[in-house]
Each structure stands twice: as structure tokens, then as C-alpha cells.
1. Show me 569-577, 626-634 ranked by packing, highest mean number of other Cβ atoms within 10 Å first.
2. Kindly put L678, L44 in sequence by how many other C-beta atoms sit within 10 Å of each C-beta, fewest to most.
3. Find how much the distance from R229 to K150 grows on full extension, using 0.36 nm per residue of separation minus their present alpha carbon separation; answer in nm with one decimal.
4. Under unit Cβ charges (Lys, Arg +1; Asp, Glu -1), what dipole magnitude, rounded to 20 debye, does segment 529-699 have relative to its Cα centre?
5. So what's the net charge close to K587: Lys and Arg +1, Asp and Glu -1, counting the other residues with Cβ under 9 Å from its Cβ?
6. For a 25 Å ceiling on Cα separation, which of these pairs sit above it: K272/K370; K287/K370; K150/K441?
7. For a paramagnetic label modelled at 7 Å from the Cα of D596 toward its Cβ, which residues of segment 636-664 fall within the zone defined by backbone nitrogen distances under 16 Å?
8. Grab the beta carbon distance between E557 and T468, set R0 = 41 Å, and tell me the FRET efficiency rounded to 0.05.
Amino acid sequence: MSNTDNHNSDLANGRQPFSNQDSPPVQVASGNEEEGGAVNPLELVRDRLEGRWLYAIITAIVLGVSAAVIAWMLAPINYTAEGFLKGNSKNETVVQKIDETGDTKGFMVFLESQVMLVKSPDVVERAINSSDMRQLLDERGRNALIAQIKYNMRPTVYGETELIKIEYTDSVPAASATITNSILNSYIALHGSLDEERRSRTKQQLRTFKTENRTSAENKRQQQQTLLRQSKYGIAEVGNFVTENATEMAALEDEKKLVEETIEKLRERVKKEEDREVKGEDIALPKLAQLEAFEPNLKKLQQDIDRVNIEYDQLRSRLSTEHRQVRILESTIRSMESNLVRRRKETEKKWYEGPGKEQSFDKLQEKITKIGTKVDEKREEINSMNTLRARYDALQRSIDDLEIEFAVLDDRLRGIEFEEDALEDRISIAQYALTPTESTKDKRPQIAGVAFVGCVIAVFALFFLLGTVDQRAFAMRQLQSDKSQFQCLGVVPDTGPSSDDPEALEVAMGCIHRLRNRLQSMNVGSGDHGFVMLISSPFQGDGKTTIATLLGWSYAEAGYRTCMVDCDFIGRSLSHQFGKLHDKGLKESIKSGSIDENIIALGNSNLSILPIGLDDSINAEHVPIDAIRRLLDQLRDKFDMVIMDTGPLSGSIESTPIALTVDGVLLTLRKGRSRLPLRRCVQELRELGAPYLGVILNYADRSDYRHFSSTSKSITDLIREEKSGERKRNPLTDRIASSSQSAETEKRSDF
């Protein structure tokens, strides 16, 4: 193949074609993943909402404002009424009605106790039953009204004063004042100044309670004495007894475990040696320690043998085995060992006749039964002691509580008797509540704000979910998020008649030239033969024919002999684009086996086209792959770059087999189309071993293609801006330029 210019010479001397390189591994992932597999949450949100931001923002604003308006209208407006009680601080000690807990002395403590009384159920019940509350009771119901008073009424001590402030909040101004005043009247009626009759009744109750208290304490002491008489243990000794019994129980359990292990070994031995079940008279084999304990001489004989063995080892280190002393010691050791064996057998026989009988199966079973009985007795004794101690301690606690209660009752009685003359008018109503005219703590702005924010979050969450389910490609970064999956090579803007950008065609060609340079940097077409590139897409209408046309023109302009081949047997868009639908082309070349008569030259001297052709006998269902391979070999010999346009990979019949015959496959995806079919196409190409190059985002937004459309200003623009004052010359560069011009002038004058 001859090359037409220096660029083609460099192409011919370059590295191996891309088709000879290893394809990247198959890795199909869902979602945005950074290197290392870590998911960036911000990038994930950006990816899911890409292309939907405007719709999400508009929807969020509309629905958020609507929700805020509705919440504003439905949010209740509350009104708070305030009433005051006043205590008599001149009394040094104020005594309240009997209360089982708390200190009764001190004026501030007294006021705090009255706050609790204001919230008491009897005050609320009396207030609800009053005539002033009858209408509210009929309208709201008893349970609802009680709940409202419980949660909306706030009685507090007003600072460090003598006043108790009672606040009630309600959505109806008149109702808040009515309920507050009813509570004031109810409290005064129940817990106001004590009259003589009530004071006498209180003192009588205190004396009665003291008598009952003392009787109850004495009865519990008698119960303690009865417990001690019935028990054989002292209370102070119960803990030691429990500890001792627990220790004995643990020892018994260990003994029982050893006996059970002995029985199990006896069963295994009898089963193994005699193949039968153990009987009552069977005796377990004695252990060496038992035999030595029964016959102490056995241990002494073993020690003698060990001593002689030591002497033997010492002689062997100095004398040979044939030495007389060595042979004497060997004989002595054998004799002693034989004697030890005989003595052990005799001792074992005597052990079986004596203490061994206690190790029979029946005796062992009987021993386990006795141990279990002892353990149960110890456990029952421990439970009995614990029960005794628990009952005694419970009685003691009751006695202590009664003693404390008696002291409180006695103190209150003495206080009432001492302060009896000062108890009149201890607390009174200082001010009734007025109907409020202004709302308090209007929460409508907060509620509306929460509704707006909640609605905005819900809308964005819904759009995020939509973006997760329907993963469309709206921007280049979505395809760049996983390079091992898509390998996004570039973008192309909308070049159709609907584009409102006057520089769209120039920008598009800039993007195409950049794409061509990117492919060349990947060694696409840098071999000794032409490079065949297939351009396809996952969908119909992704602009693959436009990309093929623009890319072919770019290669031709760069000096590459380029041929565009229409392999779309159904769409035939490339042939239609150049008005070659009625010319012979690929189908006739497949049938004849030659391309020379069907190649049509176009306007550029380096650009040709092989249209689809007219022969109906060649169709998508019967594409001869071997013939396609032969034609591609002819095209490689004749052209530097061959660009083939086929139908979409996911729908056409011919695109997949043809993809296996080319040197590289380039996919296009229209902005707004789903990435899921693109993933399937890339995965299918890699599984089949097709040389996948990458993907191009077509019909891209300005935010993507503006990175590829930046050019230097022309000299005309620079001069115009300098004359108009929009741009100032750099003094330093002007000085350098002036010096260079002066030097050049002097040099010329010398000549």
C-alpha cells in the first residue's frame, strides 16, 4: 500500500493495530464507581439526577410551595390565658395535706407542692364538672377535654415571688380563659385555706395513721422472731452456711462425675473384651495409684528399678555391652521387672478380693444414688436458708419504712398543732385569666417550612429513585464513571436543523477531529494495512450514520484514504445520505467478490463510499460472513481507513457477526437514552471477543462539548481588540519584540 503524505508514512511505521492488543476485561457494574470500587455519594446523586435537575427543581418548588401553603392554612393558631395564685409567705412553716413523700417545711417547697396539686386529677375532675365548663364538655367530650388539659396546662412557680402562674393554651381564645379560671376555682375549693373542721379531721387522721403504723411495725417484729425460733440457723450465720453447702455440693458433683466416668470405662472394657453388657458384680480395673496405695511396696520396687536403670546407663557410657558388670546389671533389671510384674498381679488379685468389691458396677450405681441424694439435700437446705433470709430482710425493710413513715406523721402532726393559728388564708386567687386577644408562639412558619423542606426532599428522593431505575446518559461524566466498562472517547453536539447554536457545525467538526486524534493515540489504524472500524449503537436513532459520515470526512481531511461502507441492510441511511440508494454497492461486491467496480468517489479526493447496493438476493438474514471478510481484506489493501455503518446491535441481525470481522467497534449513544442496553452491548462484544474501542455521546449538551470547542483567537480579533482598547499589549513582550526588530534592522544595514 502506498501512502499519500508524511502523516500516512508515520502511520505505516507506527505500532501494531488496536485489534492485536488485548481487550479490557469484562466488568459490568451498576452505578457510579470510582477506582478501588468505592462509591462517592455525591457523584452517585449527581449521576442519578443528571438531565433531570431542572424537572426536579421545578417539581420540588411547585409541590414544596403547595405543601407549605396547605400546612400554613391547616396549622392551628394557639392562644394562651394566664391566671395567678398567691401564697401567704408570712407563715414560717406551711403544712399541707398528708403526703407520703417529700419535705413539708419551707415556703418555696410549699409552693412547689401546690403546683403538683393544681395538676392533680381531683382538681381537673372538679373543674370539668363545673357549670362554666358544661358547654366545652358537650362539644369536645370528657376524655378529650381531660387529655387537652393534661398536655396544654402548665402551672409553675412564678420566679422567686409568692405567685403560682397557671397557663393554658387552646386554639379558641375564650376556651383558654374558661378552662384556666375553672382550674383556679377548683383548686381553691379543694386545697384552699383549711377551716376548723378540716384541721380537726386532719389531726385525727394523723393520730389514727400513727397508731396503725406502730401496730403494723410491732406485728412485723413478731413475725421476725417467729422465723428465728422456727429456724435452726442464726440470720448472721446464713451466709456462711450457704457458702459451705455450695462448696460441698461442688465436691459431690465432682465425685459423681468421677464415678460416672469409671462406670463408662467399665462398660467400654466389658463390651470390648467380652462383647456383653456390664453386670452388677463386674469390677472396674484398678488404677496404678490405687494399687500403690493398697500395697506401698510396689512403689518402692519401681523406685529400685529406676535407680538400677540409672546405674546401668552410667556404666553403658563407659563400658561395652559385653562387660561383666553391664551383664550383671542387665540381669538384675530383668529380674526386678519380672518381680514387679508378679507383685502387681498378686496385689491386683488381693485388691479385687478386698477394696475392689467397692468398685463393682452395683456399688458404683449405689454410690451415684447416694451422692445425688446428698446433693438434693444440700440444695434444699440452701433454698431454705435463702428463703429464710429473704423473708427476714423483707420484714426488716417494711419495719424501716414504717419507722420513717411514723416520723413523718409525727412531724406533721406537731407542725399542725404548733402552727394552727397561722394557717388561715394560706393561699388565694391573685388574678383570674382574661380572654387573650393575640396568638402566642405562632408555629405556622415553622410548620410550613418543615412541609416545604420535607416535600423538596421527597421530590429529589423520587427523582433519585427514578434515576436509579431508569439510568439514562445525559452527560459525558456518566459514561466516564467506569472506564473499564464504557471507555467514553468523546462527545458530539446536535448538528441537525433544530440546533439554535450558529457555531454548532464548527464545534461538531472540532469534536470529531478530537475524536479522530483520540483514536490515533490508541494506535487505531497505525499499521501496515488499512483499519476497518464498525460504528453501531444500542438503539435506532442514536446518530451512528452522522458520526460515521463526520468521522470519515475528518480522516479524509487529515490525508487518510477513507472509504465509508453502508452495511445497514434495513436502514440504508448512509447510502441515502449521499444519494446512492440506486447505485450498485456492497451487495453486488459480495456476489462478485470484488469491490473495484462499486466504489464511488465523493467530493474529497481521499473520501469514497461503498453503498448498500440493489441485489435483493443478499439480505440481513443471509449475510455471507466469509465473503464479508474477503471484501474487508480488499478494502484494507486499498484504503487507510474503512468506516462501516450497520444497524443497532440490539436490533439488527447483521451487526453482531460483522462486528467479529472488523478491527474495531465504536458505539454511539444519544443523550437521554438508557445506559442499560449499552452495558449489554459492551458486555456482548467483549464476551464474543469483538475489538471494542469505546462509546461516543451524541447530541451532547454544551456543558460537555464546550471542553472540545475552545480555540485560539485569530490575529484579526486580537488587532481589533487592541485598537478598541479592549485588550492591552504586554510591555515586557513589546520591549523584547522592539529589541529584536532593532537588532534585525542593524544587521540588514551592515549588508
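Every number in this text was worked out from the coordinates using simple rules, so none of it is lab data. Keep in mind it's a predicted model, so treat the numbers as computed, not measured. Reconstructed Cβ throughout: ideal geometry from the backbone, glycine too, with neighbour counts over all protein chains shown.
1. 569-577, 626-634
2. Values: L678 25, L44 17.
In order of increasing Cβ crowding within 10 Å: L44, L678.
3. Length gained between R229 and K150: 23.1 nm.
4. About 640 debye.
5. Every neighbour counted, the sum reads -1.
6. Too far apart for the 25 Å limit: K272/K370.
7. 636-639
8. Computed FRET efficiency for E557 and T468 comes out at 0.45.
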